[in-house]
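Scroll down for the structure; my scribbles are underneath it.
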Amino acid sequence: MSGYTISRCKIGSVLSRIESTFSCNPSDITITECIIGWLGFPGGNNFTLCNNILGYIGGLGNYNIIKNNIFLSSTNNISLSGTYTTTIKNSYFENNIFLGNPFATYYSYTFDDNVFNNNLFVQNVTFPYQSTGSIGINNIVNQTQSTIFVNQSGNSFSYDDDYHLQSTCPGKNAGRDGTDIGIYGGASPWKEGSIPFNPHIQTLNISPVTNSSGNLNVNIQVEAQPR
């Protein structure tokens, strides 16, 4: 499985099988502007994750680019039966927000030689992070969660939350590209209202009565969504 794009979807989990006895090696997968509870492709390579809201990562393999995401998970302790081997190596993390440690811990977990630039952490992270070889520069650490977003709490996604950064958050304009850290920065910012590609109704005004000519006044404004 290679060359696929997943965009503007809400999914509980996206997984390839991760038992050590089963081989699955997806590659060149792009995931953008999605809400995903658990993402796991431990045998994969060359994933691009941009401007997503994610829970746990259960492995992505090697050579991935992970930019402008929000990781909601507060812990990495996931209890699963069986023996699992999962990996994130040689990958690049930029402009992400980590509310905790989203990297799921299995029987065997390899997290080596990754680069972290301009990310924001609630935890007081030090580098090398997680294991030997994962380095970082210009990261913001030890932040209080309540001071990051305009309106957000806990570690679950809600459409009622506002994931814009507060004006006083140190992540404002602190991304490597000069935009905000998180989903509203980068080359493909999160769309307001989490709306999909198809045109949507912006305003809808319908008169409750007809006019003197028997006509009903209806005004509907529809806006197409840029990709």
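Listed by first and then second residue, the pairs with beta-carbon distance under 6 Å, at least 6 apart or on different chains, first residue in the stretch 54-66 and in a loop (DSSP other than H, G, I, E, B) and at pLDDT 90 or above, second open to solvent by less than 10 Å² (accessible area, probe 1.4 Å) and not basic (Lys, Arg), are Asn64/Phe47; Asn64/Ser91.
Somewhere in the stretch 132-154, is a residue within 20 Å of Gly37 (Cα to Cα) and crowded, with 17+ Cβ neighbours inside 10 Å? Yes, the stretch 132-154 contains at least one residue that is within 20 Å of Gly37 (Cα to Cα) and crowded, with 17+ Cβ neighbours inside 10 Å. For the stretch 166-174, the condition holds for no residue, the condition being that it is among the small types (Gly, Ala, Ser), more than 21 Å from Thr144 (Cα to Cα) and either in contact with a strand residue (DSSP E or B) (Cβ under 6 Å, 6 or more places away or on another chain) or open to solvent by less than 60 Å² (accessible area, probe 1.4 Å) (or both). Look at (1) within 18 Å of the chain's Cα centre (by Cα); (2) closer than 28 Å to Phe111 by Cα; (3) open to solvent by 40 Å² or more (accessible area, probe 1.4 Å) and you find that Phe127 fails only one, number (1).
Considering only residues that are among the basic types (Lys, Arg) and open to solvent by 60 Å² or more (accessible area, probe 1.4 Å), look in the stretch 1-53 and name the one that is modelled with the lowest pLDDT. Walk me through it before giving the result.
Taking the stretch 1-53 and keeping what is among the basic types (Lys, Arg), we get 8, 10, 17.
With open to solvent by 60 Å² or more (accessible area, probe 1.4 Å) added as a condition, the list becomes 10, 17.
On the way: Lys10: 92, Arg17: 59.
Applying the filter and picking the extreme gives Arg17.
I'd like the full set of residues that are among the hydroxyl-bearing types (Ser, Thr, Tyr) and either modelled with pLDDT of 90 or more or surrounded by 10 or more Cβ atoms within 10 Å (Cβ to Cβ) (or both), limited to the stretch 175-227.
Our first condition is that a residue be among the hydroxyl-bearing types (Ser, Thr, Tyr); within the stretch 175-227, this holds for 179, 184, 188, 194, 203, 207, 210, 212-213.
Of everything in the stretch 175-227, those that are among the hydroxyl-bearing types (Ser, Thr, Tyr) and either modelled with pLDDT of 90 or more or surrounded by 10 or more Cβ atoms within 10 Å (Cβ to Cβ) (or both) turn out to be Thr179, Tyr184, Ser188, Ser194, Ser207, Thr210.
Screening the candidates Val141, Val122, Val209 for the property of being free of Cβ contacts under 8 Å to residues at least 40 places away in the same chain, of a type in the set (Val, Ile, Thr) and in contact with a Leu (Cβ under 7 Å, 6 or more places away or on another chain) yields one hit, Val122.
The values are calculated or read from the model by the stated rules, or taken from the named source; none is laboratory data. The model shown is predicted, which means the values in this text are computed figures rather than measured ones. Quick reminder, even Gly has a Cβ in these numbers, built from the backbone with ideal geometry, and neighbours come from all protein chains shown. Ligands, DNA and RNA are excluded from the accessible area calculation, which covers all protein heavy atoms including side chains. Shrake-Rupley method; radii C 1.70, N 1.55, O 1.52, S 1.80 Å.
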